[in-house]
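Below you'll find the structure, written out as C-alpha cells, and then a few comments.
The values are calculated or read from the model by the stated rules, or taken from the named source; none is laboratory data. Given the structure is predicted, the values throughout are model-derived calculations rather than measurements. Note: ideal-geometry Cβ built from the backbone for every residue, glycine included; neighbour counts use all protein chains shown.
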Amino acid sequence: MLALFILLTLVVILLTASYLTDPFTRFTVVKLPFQAHRSDERINATDENHQITVRQELWWKAFAWAKNGIQIVSSRYISRPSAKASTVSGIITDIRRHRFNPKRLLLISGDHFSALFVRNLGIFYYPTLDTRIADSEDEWRDRQAVYLQTLGYALGVFKKHPIPATTIVPTGRYRATCVNVYAYPPDTVYSLMYALSSLLGKEKATAWDYSKPTHKLETVQVAEELLENYRETLRKLYDHYYMTVYDHASGLVRKDMHFSGAKDITRRQGSFYDNVMLWKTASLAMELGIIKEDDEFLYQLKRRITKAFWLEREGYFLEDLSDEGIKNRYYSSEWLIALITGFLDPAKTTERQYYERSVAYIRRQVIDKPFPLKYHHDTRGHRQFWIVRMAVASYGGDAIWSFWGMEYIKTLLRLYEITNDQNYLRDADKHIKSYKKVMLRDGGFPEVYDNKGNLLQTFLYRSIIQTGWVIGFEQVLAMRKALKV
C-alpha cells in the first residue's frame, strides 16, 4: 500500500508540475522574458532573457519528455473544434485568436504541442509575416508580436545553451530544457535565421511577390537590435550545426547520422530536405553577416544536391541517399521545401521542369487524392520510430498533411501564373474547395488527415484540429485572389 501511495503521489506531482509549466494553461507559472509592445508606428520589445535558466540535467530532460507525452495523450480526448465552425472565415478567426496571441509565451501548432518546436518559425509558420495577407491591423500586429516573441525567447534560451535542439520545453517560471525529438535538427538554425531575416524585411515570407503589400512591416528596428545582441549566439549555433551535418568528402549532408527535420518520425540518411536546409542556412548566415559571403560554395552545393537527388527518368527527387532509399527510388513530398526556400525557382526555364515533372508524378501516383498532400502513396511504417509506428503508423507515410497540401497548391498557382496552363488552376481551385469543405466538416484546420481524407485519429493520437498552420491556407487564398481570374 505504501508503494502504491508513493506512486500515486509522484503521478499527482508530475501532472501538477506539467500543468503549471504549460504556458497555455489558465494557472501557468511561466513568464514571458521577451515581450513585444505595440505602438502606433512600430513594435518594440522588452528583453529580460537574462532571467532564463537552462537546465539540461537528466532529471529535467526526463520531466520535459514526460510533459510532452502527457499532453499528447491527454489532448487525444480533450481537444475541441472551433466554436465558430459554421463558416470558413469564422474558423480562421477563431484559430487566430488561439494561436496568434501575444499574451502567450510563444507560437505553437496547437493542442498537445505546448513546447517550442523551433522549426515552426521557418517551416510551418513561415508565412506569418506575409504583408499581403489581408486582416485587420490589430491582427497583423498580433502576428508580428507573437512571431517576434517566439524568436526572442528561443534566442534567449540558446544564448545560455548554444547547441541546436529541435525543441525548447518550458520547465519553470523562467526555466527551459532543450531536447531533441528524435535526433539532431537540420532546420533549427535555419528557422532562427529565417525568422530574424523575415523580421528585418529581408525574407518576404512567400516564394514570389504575388501582389502588393496590404500591411507595413513594423519589426525592422527591433530585429536589428536582436541581430546585434544575439549575433555571437547565432554564430556559435551555425558553427555547431555546420560541423555536425556537413560531410567534406561528399560535399553534402553526412549520411551516417539521422537528422530530425519536418518528417522527424522517419529514419533517413542524407535526405533532400536536410541538404536543402544546409544550402538555405548557409545562404541566410551570409545574408545576416554571420559568416563570410561565398557564392561559389552555394552554387556548387546546389549543383551537387540537384545532381545527387534528381531522378531524370522518373521525374522527381529522391527522398534520401540511404541504400534503401536509392534502391526503392523513394519519393517524399518534402521536395516542396525547394519552393519555400527558393532553392529552385519555377520562373527560371531551366528549373521549371523540376516542378512540372514532380507535379506530374504526384498526379500519376494520386498522392494529391482525395486532396493534397500525402507524403507518399505508401505507408513505409518500418522506417518510422517505434513509438510512432505503434501510435499512428501512417503519420509520416500516406497520411495527408495540410501544410504540404498548401505548399502544393501554391506550386500549382505559381505554375499557372507562369505557364497559363489551365490544368494547374483547375486543380488548385478543386483542392481549395476540398479544404473548405473538410474545414467545415471538422470545425478547424487539422494538421493531418488519413489517406481517405478523414481526421487522422487512433486510440493514442488525434490530429490537432485548430492548428495555426491555417496561416498557409490564408496565404493560398490571397494568392488565388491575386490572379484575378
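A few points about this structure:
- Of the residues making up the stretch 132-143, not a single one is aliphatic (A, V, I, L, M), more than 16 Å from A223 (Cβ to Cβ), touching a strand residue (DSSP E or B) at 6+ places or on another chain (Cβ under 7 Å) and assigned to a loop (DSSP other than H, G, I, E, B).
- Residue satisfying all of: in the stretch 367-398; modelled with pLDDT of 85 or more and of a type in the set (A, V, I, L, M); nearest to the chain's Cα centre (by Cα) among these: L373
- Some residue of the stretch 325-341 being under 30 Å from K159 (Cα atoms), modelled with pLDDT of 95 or more and surrounded by fewer than 16 Cβ atoms within 10 Å (Cβ to Cβ): no
Conditions tested, residue by residue: (1) assigned to a helix (DSSP H, G or I); (2) under 28 Å from D142 (Cβ atoms); (3) touching a Pro at 6+ places or on another chain (Cβ under 8 Å).
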| position | (1), (2), (3) |
| --- | --- |
| M406 | yes, yes, no |
| I409 | yes, yes, yes |
| Y416 | yes, no, no |
| H431 | yes, no, yes |
| Y435 | yes, yes, no |
| R441 | yes, yes, no |
| G453 | no, no, yes |
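- For Y182, the conditions (1) farther than 22 Å from D209 by Cβ; (2) outside any loop (DSSP other than H, G, I, E, B) are fulfilled apart from (2).
- Test for A183: is it surrounded by fewer than 24 Cβ atoms within 10 Å (Cβ to Cβ), in contact with a Phe, Trp or Tyr (Cβ under 7 Å, 6 or more places away or on another chain) and of a type in the set (G, A, S): yes
- Given (1) buried (at least 24 other Cβ atoms within 10 Å of the Cβ); (2) free of Cβ contacts under 8 Å to residues at least 60 places away in the same chain; (3) not hydrophobic (A, V, I, L, M, F, W, C), index of the condition Y190 fails: (2)
- Test: residue in the stretch 351-359 that is under 18 Å from D264 (Cβ atoms) and either among the small types (G, A, S) or at pLDDT 95 or above (or both): no
- Here the condition is being crowded, with 16+ Cβ neighbours inside 10 Å and closer than 20 Å to I340 by Cβ; of A205, A223, A176, A165, it holds for A205 alone.
- Which listed residue is at pLDDT 95 or above and closer than 13 Å to A115 by Cα, from A195, A176: A176
- Candidate set: the stretch 3-31, residues that are touching a residue at least 24 places away in the same chain (Cβ under 8 Å) and assigned to a helix (DSSP H, G or I); chosen: the one surrounded by the most Cβ atoms within 10 Å (Cβ to Cβ): S18
- The listed residue being assigned to a helix (DSSP H, G or I), at pLDDT 95 or above and more than 19 Å from E48 (Cα to Cα), out of Y238, Y147: Y238
- Meets criteria (out of contact with any Gly (no Cβ under 7 Å at 6 or more places or on another chain), at pLDDT 85 or above and within 23 Å of L121 (Cα to Cα)) for P102: yes
- Hey, R119 part of a helix (DSSP H, G or I), within 12 Å of the chain's Cα centre (by Cα) and among the charged types (D, E, K, R) or not: yes
- Residue in the stretch 300-309 that is touching a strand residue (DSSP E or B) at 6+ places or on another chain (Cβ under 9 Å), farther than 30 Å from T379 by Cβ and among the hydrophobic types (A, V, I, L, M, F, W, C) present: yes
- Exactly one residue out of G152, G110 is modelled with pLDDT under 95 and buried (at least 24 other Cβ atoms within 10 Å of the Cβ), and it is G110.
- Qualifying positions in the stretch 245-261 - of a type in the set (S, T, Y), surrounded by 15 or more Cβ atoms within 10 Å (Cβ to Cβ) and over 11 Å from A183 (Cβ atoms): Y246
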